[in-house]
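Following: one structure in C-alpha cells, then a few remarks.
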Amino acid sequence: MLDALLSAFPPNDPGEPLPARAPSDSWEEVHILVISSPNGVRETVHELHRRGFAEVGTWSKLLPAPTSGEVMSILTRRRAREQRE
C-alpha cells in the first residue's frame, strides 16, 4: 500500500517551491492522513521521508484522531488537475 501511495505522487523536491496559488480549476489540494498510535505516526512520517516522499516538517503536528488513543498527522500536497477535453 505504501508503494502505491509513493508512485501516485512524485518525490517532493525541497529545492523546488510549490506553484503559486492558481485558480481552483488548475490545481487541487490532496490531503494525506496517517492515523495510528503516536509512535506509529512518527515512524510512518519518518519512513516516508527516507523514501523521498515528503520532508518531516511538512506534516502537521500530532492531532487527536477520532478513535480514542490514536493521533493523526496531515500532509497537504497540491497537484495540477488533469485537463479534460
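Each value in this text was obtained by applying a stated rule to the coordinates, not by laboratory testing. No experiment lies behind these values; they were computed from the predicted model shown. Please note: Cβ atoms are built from the backbone with ideal geometry, for glycine as well, and neighbour counts cover all protein chains shown.
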Based on the Cβ-Cβ distance of residue 56 and residue 77, what FRET efficiency does E = 1/(1 + (r/R0)^6) give at R0 = 22 Å, to the nearest 0.05? 0.90
Stokes-Einstein, Kirkwood over Cα pairs, the range 26-85, 10 °C, 1.306 mPa s; D in µm²/s equals 126 µm²/s
